[in-house]
Amino acid sequence: MKKQPAADGIVIIKKYANRRLYNTETSSYITLDHLATMTREGRDFKVVDAKTDEDITHNVLTQIIMEEESRGETMMPVNFLRQLISMYGDSMQTMVPGYLEASMDSFRRNHDQFKSAVEGAFANSPFADIAKRNLAMFDVAAHAMTPPAPAPAASKDDEIAALRTELAKLQEKVEKLG
């Protein structure tokens with residue numbers, strides 16, 4: 001399989017009939033978890049059917065959401081899902097995607113502003129150090145919960161060395177927090 005250049009930085013993922021996903025940027029097979037990680041990292045990708053070249057990104061992203069929702073704690077309440085389903089076929093259906101996208105963009109901006117405000121509010125108070133430590137621990141925990149991006153095939157020695165380096169960095173962060 002030959003490597004395909006990505007148009008405008010978009011990574012092309014091919015989905016084969018056997019349901020395997022092939023990343024044309026790294027020339028390797030990947031999983032839905034890898035695509036979820038790419039999404040969290042802000043990487044833009046397009047999933048195409050390997051046989052027909054049809055864009056199936058929407059279906060694959062929906063599949064990722066379904067898998068994430070089935071793993072335990074759900075993000076989308078049942079009532080929201082019912083309301084969303086009821087909008088299919090409604091005259092307002094064409095407006096819903098734009099509204100949801102704008103709402104999510106607004107939510108992300110508000111989250112970032114809230115985080116900045118909390119950091120600023122504690123800047124000159126006795127709670128500043130506690131707030132900084134709590135935010136640092138939250139960032140470390142969030143980073144720890146995010147699965148690492150798939151690395152190119154490396155030797156076991158290289159992998160062990162990389163793990164030792166990562167462990168040393170984590171220990172250093174924990175010591176700074178303590």
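Just so it is clear, none of the values below were taken in a lab; they were calculated from the coordinates. Here the structure is a predicted model, which means the values were calculated and not measured. Using ideal geometry, Cβ is built from the backbone for each residue, glycine included, and neighbour counts are taken over all protein chains shown.
Of the GluC sites (Glu not before Pro) in region 22-117, the ones in a loop by DSSP (not H, G, I, E or B) with at most 13 other beta carbons within 10 Å are 41, 54, 73. Taking a straight Cα-Cα cut-off under 18 Å and skipping sequence neighbours fewer than 8 places away in the same chain, the aspartates and glutamates within cross-link reach of residue 14 are 25, 33, 44, 49, 53, 54, 55. Structure note, pairs 15/173; 115/173; 115/176; 115/169: Cα-Cα distances above 32 angstrom occur for 15/173. Checking every one of the chymotrypsin sites (Phe, Trp or Tyr not before Pro) in region 1-84 against DSSP loop status and a limit of 15 other Cβ atoms within 10 Å picks out 16. 3J(HN,Hα) along region 62-68, derived from phi through the Karplus expression 6.51 cos²θ - 1.76 cosθ + 1.60 where θ = phi - 60°, amounts to 4, 5, 4, 4, 4, 5, 4 Hz, with x in place of Gly and Pro.
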